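Only one structure is covered here, and it is reproduced in the block below.
The values are calculated or read from the model by the stated rules, or taken from the named source; none is laboratory data. Because the structure is predicted, anything quoted here is derived from the model rather than measured. In this analysis, Cβ positions are derived from the backbone assuming ideal geometry, glycine residues included, and neighbour counts consider all displayed protein chains. Accessible surface is based on the protein model in full, side chains and every heavy atom, while ligands, DNA and RNA are left aside. Shrake-Rupley method; radii C 1.70, N 1.55, O 1.52, S 1.80 Å.
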Amino acid sequence: MDTYFVGNQEYFKGIGKIAYEGPKSDNPLAFKFYDPKKIVRGKTMEDHLRFSVAYWHSFCADGTDPFGKATMHFPWKHDDPMQNARNKAEAAFEFITKLGAPFYAFHDVDASPDSESAAEYEKNYLEIAAYLKRLQDETGVRLLWNTSNLFSHPRYMNGAATNPDFSVLGRAALQVKTSLDVNVMLGGSGYTFWGGREGYMTLWNTDTKREEEHLGTFLRIARDYGRKIGFKGTFYIEPKPMEPSKHQYDFDAATAIAFIRKYGLENDFKCNIENNHATLAGHSFAHDLQVCVDNGMLGSVDANQGDAQNGWDTDEFPTNVYETTEAMLIILRNGGLHNGGLNFDAKRRRNSTELADLFIAHIGGMDAFALGLLTADKILADGKIDAMKKSRYASFDGGDGVLYEKGLIDLVKLADLGRKAQPKDISGKQELLYNLVNQYLFS
């Protein structure tokens, strides 16, 4: 993609197209490991990684936190809400094309002004969506997925689809319907549901069974509408255990998958897994990815990381190459991300206030996943780790172990075999596996 900006206004002045310069480069505005056209296992890095820029963190989050005011000042900011939205769109597409990311993602009210008036909300959103379509056509940037913000407005303080007040469900439905209309207009690959307040704060005032059933119904009718208007992509549920609710109904990957199956949504829904959400649930990023792959439910990924010393959703840009290596190994074994992608649901730190820092943050994340891809490729090509894993289960690859896996041994027969068994202590070789990963990473 060429450097791109609308009209006479360039927002990221002095920054051109980000290029691959290799690991010896000391240019902070260059890729060290992400070479988009490099072929890995028969596909380009760009096709493997399918990077996406998150509208909300990159172009909306200004550093405000519960303890302080904004620290970041956006040159595209305008007092008129619609002009601000158009300026923001221009800045976003300038950034995305200079970065070289093929995709972006957004919430409805990131891209378009919210309004207490339902009619004005729809009018604004459809008008801005038409402008986004124009920018997509001009740049080639595509929509990975969009979603509706059903958690920020006070009306959603008790949930959206799980709200005890039926009238709130209607406004939530309006937002989802309009977002699906916009998704089809923009050719989105997916549509995401993140239930930020689809949960509860206390069981004393909550009918959990009823709320979960309401959520199942809401997702079903959203699915039906999407298919009716021609949405051919995948619906995603993004698990998170808590925050802002004390307990959310899509706690982790396993919980979300069970929910999807319980309500008959498995032909249309998969999971959008976020690293920081998995760790808040007490799991690792790799754990939730693997649970999804094991169940055929890996849809897309929100690429970020948390801070092990902070028990909340810090949404840092990914830099931990051990995590990205394990993630990419799981994704490669899954046959790739298919229609999903690696969406940078990550934000600059509050004191990283220069516009260039937004590029540097994304460059670091893209390089971290590129390193993960390259290392995962080495692991698969060498085959030692896969061979060690396979040998650990060798007793199920022949004899009675095979019969057991095929369901041909009952409990009586299994117990009889147990009378004759003489189990041996077999090492799991955990330390050796860790050492091998270091060799792949640093040799």
Please work out how much length the chain gains when fully extended from Glu116 to Ala258, using 0.36 nm per residue of separation minus the C-alpha to C-alpha distance, in nm with one decimal.
47.5 nm
Just to make sure I understand: if all protein chains stay in place, what is the order of Lys69, Lys246 by accessible area at 1.4 Å, largest first?
Lys69, Lys246
Net charge (Lys, Arg +1; Asp, Glu -1) of residues whose beta-carbon lies under 15 Å from that of Gly311, Gly311 excluded, is -3
GNM flexibility winner over the chain from Asp62, Asp114, Asp397 (Cα, springs under 10 Å):
Asp397
Using every alpha carbon pair in the stretch 1-151, what percent of pairs falls into each 5 Å bin from 0 up to the bin containing the largest distance?
2, 8, 15, 20, 19, 15, 10, 6, 3, 1, 0
Net +/- balance of residues flanking Arg197 in space, Cβ distance below 12 Å, scoring K and R +1, D and E -1:
-1
Based on DSSP, what percent of beta bridges with both residues in the chain are antiparallel, to the nearest 5?
20
What is the dipole size for the chain, taken about its Cα centre, with +1 at each Lys and Arg Cβ and -1 at each Asp and Glu Cβ, in debye to the nearest 20?
1020
Counting only the heavy atoms of the protein chains, how much of Leu411 is accessible to a 1.4 Å probe, in Å² to the nearest 10?
140
Which residue, Leu144, Leu373, Leu337, tops the fluctuation ranking in a GNM of the chain built on C-alpha contacts under 10 Å?
Leu337
Going by alpha carbons, how many degrees (0 to 90, nearest 10) lie between the helix axis of 355-382 and the longest principal axis of the chain?
20
Between the helical axis of 253-262 and the dominant principal axis of the chain, each derived from Cα atoms, what acute angle in degrees is found, rounded to the nearest 10?
90
Give me the Kirkwood hydrodynamic radius of the stretch 322-410, using the inverse of the mean 1/r over all pairs of distinct Cα atoms, in Å to one decimal.
16.4
Tilt, helix 285-294 to longest principal axis of the chain (alpha-carbon atoms), in degrees rounded to tens, equals 70
Sort 17-27, 276-286, 79-89, 423-433 by the packing proxy (mean of other Cβ within 10 Å over each peptide's residues), most packed first.
276-286, 79-89, 17-27, 423-433
Which percent, to the nearest 5, of DSSP beta bridges fully inside the stretch 5-121 are antiparallel?
40
With Cβ to Cβ distances under 12 Å as the rule, what net charge do the other residues near His78 carry (K, R +1; D, E -1)?
0
Of Met242, Met297, Met157, which has the largest mean-square fluctuation in a 10 Å C-alpha GNM of the chain?
Met157
Classified through the alpha carbon gyration tensor (a ≥ b ≥ c as square roots of its eigenvalues; rounded if a/c is under 1.5, else prolate when a/b is larger than b/c, else oblate), the stretch 91-182 comes out prolate
For the chain, what is the convex hull (Cα atoms) projected area averaged across all directions, in square nanometres?
25.3
With -39,500 (n - 2.57) per DSSP H segment of 4 or more residues and division by the full residue count of the chain, the 222 nm estimate, nearest 500 deg cm²/dmol, is -14500 deg cm²/dmol
If every Lys and Arg gets +1 and every Asp and Glu gets -1 at its Cβ, then about the Cα centre the stretch 141-234 yields a dipole, in debye to the nearest 20, of 360
Go through the stretch 90-162 and name the GluC sites (Glu not before Pro) that are in a DSSP coil and have 12 or fewer other Cβ atoms within 10 Å of their Cβ.
Glu116
Among Trp56, Trp145, Trp204, what's the order by accessible area (1.4 angstrom probe), most exposed first?
Trp204, Trp56, Trp145
